[in-house]
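What follows is a short report on a single structure.
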Amino acid sequence: MTPYRLKLLLQQARIALGLSSGALKYLEFAIDNCQPSDFQQGRICAVWHSLEWLAHFFGLSKRQIGRIETELVDAGLIKRTYPERKSRSGERVDGVIRRAAGINLAPLIEQAEYIRALVRRQMRAAEEHKRLREHIQGLFRQIRDLENADADEAANCILPRRRPTELSDIKKMQGVAEALEAVLADFSAVGGQPELTVESDENVRLSTNEEKKIKTRIVEKPREEGRLNTSPAHARLLAGAQLGEYIDLYACGAPPDWQAVTRAAHDRAYELGVSRRLWRERCTQIGEARTALCLIVADRNSQRDGPFGRKNAAASFAGMARKEARQIAVLDGLVGELTHALLRSGGNL
């Protein structure tokens, strides 16, 4: 590895290595003051300028230079090879260092491949950050194109300022992307479903048999779960501690599926005081998975303070599921808000 390449790697890995700007400048100076042949195997690669000379060169105090050297020693990038309280010295003969009592760069050379790998990981992470930022921006555009106020509200709850550049943690970015994908899938499914109309009473043929006059009613079909595209893993992320344990128990150590989530929510519902009759009715009307998701959100919100906190989880569930049964979209927005709150707090509300 050439000295120029080594300096470039150090510049790219400075933050990952935890180096101050002063330490980086010191290393660049030391590399520049060695000859390319010094970096060959078996050669001594070192400098032996005095503290006074270095302080004058960098425009710093001797104490500041000492702190920078200590920083680099602690980082495992240089080592001091001169006796304590002795002056630094060295000897170069025919371009080759024969003796050096000063600052040795052998540790830096030994870590060159590690630094190279560190830079590669940083570059891959930067590419993943860029991909996720573009993906999140694209999801916001697609949600906006739906021209659905509820979809926009749900998206805003996940990332209110709609600026993925404000996210630095890649796990949070992945969580935001997953939540937005769920919102897009949910509301795209709603927009893609044909509108059902009920025929007027004039088109209903009446029975003329006096003995068997039957008043018929058209019962609204249970809403299909096409809207729901929130993954079981996402539902597990939203679940509180107790409900999360139930989901893991039913999943038997595997990634959770909707069967594990709905069974766990079923058990938790009865603990919270939700009646069996109400649970069955809502499962019939809006589907088991969406009912379970209502319970998950209500349970988690009962453990929170603030505007989204609720004292009674059972009452919150009943109200939420009732609105969903009436096709008043509230769940998606609440899922988005809860997801965003968990991302901001690192999973602890």
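The values are calculated or read from the model by the stated rules, or taken from the named source; none is laboratory data. Computed from a predicted model, the values in this text were never measured in an experiment. Cβ sites come from the backbone with ideal geometry, for glycine too, and all protein chains shown count toward neighbours. Keep in mind that these areas ignore ligands, DNA and RNA; they rest on the heavy atoms of the full protein, side chains included. Shrake-Rupley method; radii C 1.70, N 1.55, O 1.52, S 1.80 Å.
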(request) Go through the range 304-319 residue by residue and tally those that are over 22 Å from Ala260 (Cα atoms) and either touching a residue at least 12 places away in the same chain (Cβ under 8 Å) or not charged (D, E, K, R) (or both). (result) 10
(message) If I go through the range 67-85 residue by residue, how many of them are more than 39 Å from the chain's Cα centre (by Cα), of a type outside the set (D, E, K, R) and either under 18 Å from Ala13 (Cα atoms) or surrounded by fewer than 15 Cβ atoms within 10 Å (Cβ to Cβ) (or both)?
(response) 1
(message) Given the condition closer than 20 Å to Glu28 by Cα, of a type in the set (S, T, N, Q), without any contact (Cβ under 8 Å) to a residue 40 or more places away in the chain and open to solvent by less than 70 Å² (accessible area, probe 1.4 Å), answer yes or no: does some residue in the range 86-105 qualify?
(response) no
(request) Residue by residue through the range 145-170, note down the ones that are in a helix (DSSP H, G or I) and either touching a helix residue (DSSP H, G or I) at 6+ places or on another chain (Cβ under 7 Å) or closer than 13 Å to Asp186 by Cβ (or both). (result) Asp150, Ala151, Asp152, Glu153, Ala154, Ala155, Cys157, Ile158, Pro164, Thr165, Ile170
(request) Starting from residues that are more than 13 Å from Ala265 (Cβ to Cβ) and without any contact (Cβ under 8 Å) to a residue 60 or more places away in the chain, keep the ones in the range 281-301 and report whichever is most open to solvent (accessible area, probe 1.4 Å). (result) Glu281
(message) Would you confirm whether or not the range 263-271 contains a residue that is at pLDDT below 90 and open to solvent by 40 Å² or more (accessible area, probe 1.4 Å)?
(response) yes
(message) So Phe57 ticks every box in (1) without any contact (Cβ under 8 Å) to a residue 12 or more places away in the chain; (2) among the hydrophobic types (A, V, I, L, M, F, W, C); (3) exposed (fewer than 14 other Cβ atoms within 10 Å of the Cβ) but one. Which box is left unticked?
(response) (1)
(request) Specify which of the listed residues (Arg85, Arg92) is farther than 20 Å from Gly22 by Cα and in contact with a strand residue (DSSP E or B) (Cβ under 8 Å, 6 or more places away or on another chain). (result) Arg92
(request) Output the number of the condition that Lys62 fails; it satisfies all remaining conditions of (1) open to solvent by less than 70 Å² (accessible area, probe 1.4 Å); (2) touching a Leu at 6+ places or on another chain (Cβ under 9 Å). (result) (1)
(request) Output the residue which, of all residues in the range 331-349 that are open to solvent by less than 40 Å² (accessible area, probe 1.4 Å) and modelled with pLDDT under 80, is farthest from Arg300 (Cα to Cα). (result) Leu343
(message) Of everything in the range 231-268, what is over 20 Å from Thr339 (Cβ atoms) and in a loop (DSSP other than H, G, I, E, B)? Give them in sequence order.
(response) Cys252, Gly253, Ala254
(request) Give the residues of the range 106-120 that are charged (D, E, K, R) and in contact (Cβ under 8 Å) with a residue 24 or more places away in the chain, sorted by residue number. (result) Arg116
(message) Please go through (1) closer than 18 Å to Ala46 by Cβ; (2) touching a helix residue (DSSP H, G or I) at 6+ places or on another chain (Cβ under 7 Å) for Leu132 and return the number of the only condition it doesn't satisfy.
(response) (1)
(request) Might you let me know whether the range 136-154 holds any residue that is β-branched (Val, Ile, Thr), modelled with pLDDT under 95 and more than 30 Å from His49 (Cα to Cα)? (result) yes
(message) Criterion first (on the phi > 0 side of the Ramachandran plot and among the charged types (D, E, K, R)) does Glu147 satisfy it?
(response) yes
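In the range 68-83, what residues are β-branched (Val, Ile, Thr) and part of a helix (DSSP H, G or I)?
Selection gives Ile68, Thr70, Val73.
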(message) Within the range 272-285, does at least one residue satisfy the condition of being in contact with a Cys (Cβ under 9 Å, 6 or more places away or on another chain), assigned to a helix (DSSP H, G or I) and under 20 Å from Leu342 (Cβ atoms)?
(response) no
